[in-house]
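Data first, discussion second: the structure below is written as structure tokens.
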Amino acid sequence: EIVPRKRKEFSLIVVTNGNRILLGLKHRGFGKGMYNSFGGKLEQGEDSVVAACRELHEETGICVTMKHMTESKIGILHFTFDDDPTEMCVHLFRVNIYCNDHVTVETASSSEQIVVDPLTIRGCDEITPEWIENFFHIPLHNMFADDSIWLTYLLASEKKVCLDGWFHFLEGGQEVNTIRHHFVDI
Ligand code: 6OG
């Protein structure tokens, strides 16, 4: 019997500033107690770019235009689990923030800049943002296991990358974190 796979869609936005990365410590829900980039579930019928702008603003206070977010799209991650037929389909974005007196948000491919006051970076009840001062200090032991594979590759890469990754985990739920197999197309 062929059972069609159910899919849930999410956004995930990696925020960097030179060699710093902004990560969120999650207080509830999936990944509670762990660090992750920002994002969440797409609302019904919502476009992934709209969702990414909304989640980034909700969780950090950072505003990025639709144009910027469209240009910041860097790929897609698929998560599947032995004990759950639902596939998680995660639309991946990377936003680089430049600091001077203000924080300016731009993507490598865009000339448009958005000025954000650094003090606007704040969390919400679900997540607390924290600057990790150096890519070597990323708390990978306290993050989803897939980040050790694609996030480290992304941050080490000098060129703009486009990722298509698939990670199959032993279990979903709170015990998530053992990858059975994976592949990443670059
Ligand atoms: P809420 O449903 O709590 O959003 N997410 C994952 N991110 C990584 N790096 N690895 C995983 O491995 C993940 N599973 C989910 C997608 C959940 C957020 O967490 C991301 C969403 O941005 C299994 O609002």
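So here's what we get for this one:
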read-out: Tally, over the range 1-40, of residues that are of a type in the set (G, A, S), within 13 Å of the chain's Cα centre (by Cα) and within 9 Å of the ligand (Cβ to nearest atom); value: 5
read-out: Members of the range 8-42 that are loosely packed, with under 13 Cβ neighbours inside 10 Å and either modelled with pLDDT under 95 or in a loop (DSSP other than H, G, I, E, B) (or both); value: G18, N19, R28, G29, K32, G33
read-out: Leading residue by the ranking (surrounded by the most Cβ atoms within 10 Å (Cβ to Cβ)) among those in the range 43-64 that are in contact (Cβ under 8 Å) with a residue 40 or more places away in the chain, small (G, A, S) and more than 10 Å from the ligand (Cβ to nearest atom); value: S48
read-out: Residue list for the range 142-186, restricted to those being more than 9 Å from the ligand (Cβ to nearest atom), hydrophobic (A, V, I, L, M, F, W, C) and in a loop (DSSP other than H, G, I, E, B); value: V161, C162, L170, I186
read-out: Selection status of E87, within 10 Å of the ligand (Cβ to nearest atom), surrounded by fewer than 20 Cβ atoms within 10 Å (Cβ to Cβ) and outside any loop (DSSP other than H, G, I, E, B); value: no
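The values are calculated or read from the model by the stated rules, or taken from the named source; none is laboratory data. Given the structure is predicted, the values throughout are model-derived calculations rather than measurements. So basically every Cβ, Gly included, is an ideal-geometry build from the backbone, and we count neighbours across all protein chains shown.
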